[in-house]
1. Compute the helix-to-body angle for 141-154: its Cα long axis versus the longest principal axis of the chain, expressed 0 to 90° and rounded to tens.
2. Using a Gaussian network for the chain with springs between C-alpha atoms less than 10 Å apart, which of these wobbles most: 150, 54, 44?
3. When a/c reaches 1.5 or more, the comparison of a/b and b/c decides; with that in mind, is region 118-175 rounded, prolate or oblate per its Cα gyration tensor?
4. Applying 1/(1 + (r/R0)^6) with R0 = 45 Å to the Cβ-Cβ distance of residue 162 and residue 103, what FRET efficiency is obtained, to the nearest 0.05?
5. Answer rounded, prolate or oblate for region 1-74, using the Cα gyration tensor with square roots of eigenvalues a ≥ b ≥ c: rounded when a/c is under 1.5, else prolate when a/b is larger than b/c, else oblate.
6. For the residue pair residue 40 and residue 308, what label-to-label distance in nm results when each label sits 7 Å from Cα along the Cα-to-beta-carbon direction?
7. Compute the FRET efficiency between residue 59 and residue 264 as 1/(1 + (r/R0)^6), taking r as their Cβ-Cβ distance and R0 = 22 Å, and round to the nearest 0.05.
8. What Kirkwood hydrodynamic radius, in Å, does region 31-83 give when the mean of 1/r is taken over all pairs of distinct Cα atoms and then inverted?
Ligand code: NCD
């Protein structure tokens with residue numbers, strides 16, 4: 001397959017704004033990592049002797065462990081700094097923390113934070129690579145790439161990553177979702193037709209400015225969808241703070257939705273609704289799922305579900321991006337000052 005020599009960025013903070021050759025370089029390298037892993041080939045130790053720090057100031061299980069595993073598979077040392085153990089809680093700023101970690105000699109920092117733009121902010125203040133693992137409502141670029149890889153794989157497009165002719169329907173709390181923003185950016189750049197579905201408060205018409213369509217009618221979208229991506233309602237971003245939720249049938253305080261029951265009536269992927277999907281169409285979810293709210297357990301665990309395949313792709317994508325960003329950064333600094 002061969003990786004095109006087009007990845008030039010020292011950081012990965014967003015997919016929007018990347019040009020197509022750059023996206024393809026990222027996706028092709030991810031596919032190589034996945035194939036090697038699926039075939040139990042010996043891992044590439046392209047980060048041997050290097051160090052990667054994960055700096056997570058928001059809850060995460062799968063994304064953090066996925067980055068950790070990816071860095072370890074590349075032979076890097078990994079230092080994990082999670083919210084509760086970090087001195088951000090003692091008032092030290094994100095930038096100070098990142099610079100302190102960098103001074104220890106790390107080659108890449110993986111950042112997750114509640115503030116949109118946090119990863120870009122860190123990237124402006126450190127010399128090592130910065131990879132965004134989710135910043136507020138802004139972007140979650142490695143999730144967008146793994147979603148694109150999963151979709152391309154299932155529909156036999158892994159050689160070209162040409163997603164034209166495919167309809168991707170993203171359902172639920174699109175407004176709060178960095179996953180949706182990254183998915184829209186990459187999938188529309190690859191030629192897919194993306195439709196966001198939800199009530200106006202969760203899927204505002206303004207999303208059409210990102211290059212997708214917005215619909216209020218899930219039942220009319222399902223029969224033509226090639227992939228349906230369900231999103232959790234992110235109560236913690238609706239103004240109640242991080243302790244909000246878990247969802248109850250009652251109206252959540254400060255939530256833009258009227259009731260969970262009403263949301264389910266219009267927008268949940270129930271068993272009945274799933275039956276209207278066409279053969280071969282897949283069900284995706286970035287996790288964590290709220291079974292019985294946006295998705296029925298039988299659908300999440302059913303034959304259309306590619307949710308665990310998405311998780312597996314996550315490690316391959318993160319291996320690729322750590323490797324590519326660190327290599328580009330090294331190339332950049334070796335030519336700087338010439
Ligand atoms: C998502 C996130 O954190 O943005 N999860 C993830 O990274 N797998 C989605 C969510 O929290 O609902």
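No value in this document is a laboratory result; all are computed from the given coordinates. Not measured: the values here are computed from a predicted model. Ideal geometry is used to build each Cβ from the backbone, glycine not excepted, and the neighbour counts take in all protein chains shown.
1. 60 degrees
2. Looking only at 150, 54, 44, the largest GNM fluctuation is found for 44.
3. oblate
4. On the way: r = 44 Å, r/R0 = 0.98.
Once the sixth-power term is evaluated, E becomes 0.55.
5. Details: a/c = 1.72, a/b = 1.10, b/c = 1.57.
Oblate shape, in that a/c is at least 1.5 and b/c is the bigger or equal ratio.
6. Once both label points are built, they end up 1.8 nm from each other.
7. Details: r = 24 Å, r/R0 = 1.11.
After rounding to 0.05, the efficiency reads 0.35.
8. Values: mean 1/r = 0.0842 Å⁻¹.
Kirkwood hydrodynamic radius for region 31-83: 11.9 Å.
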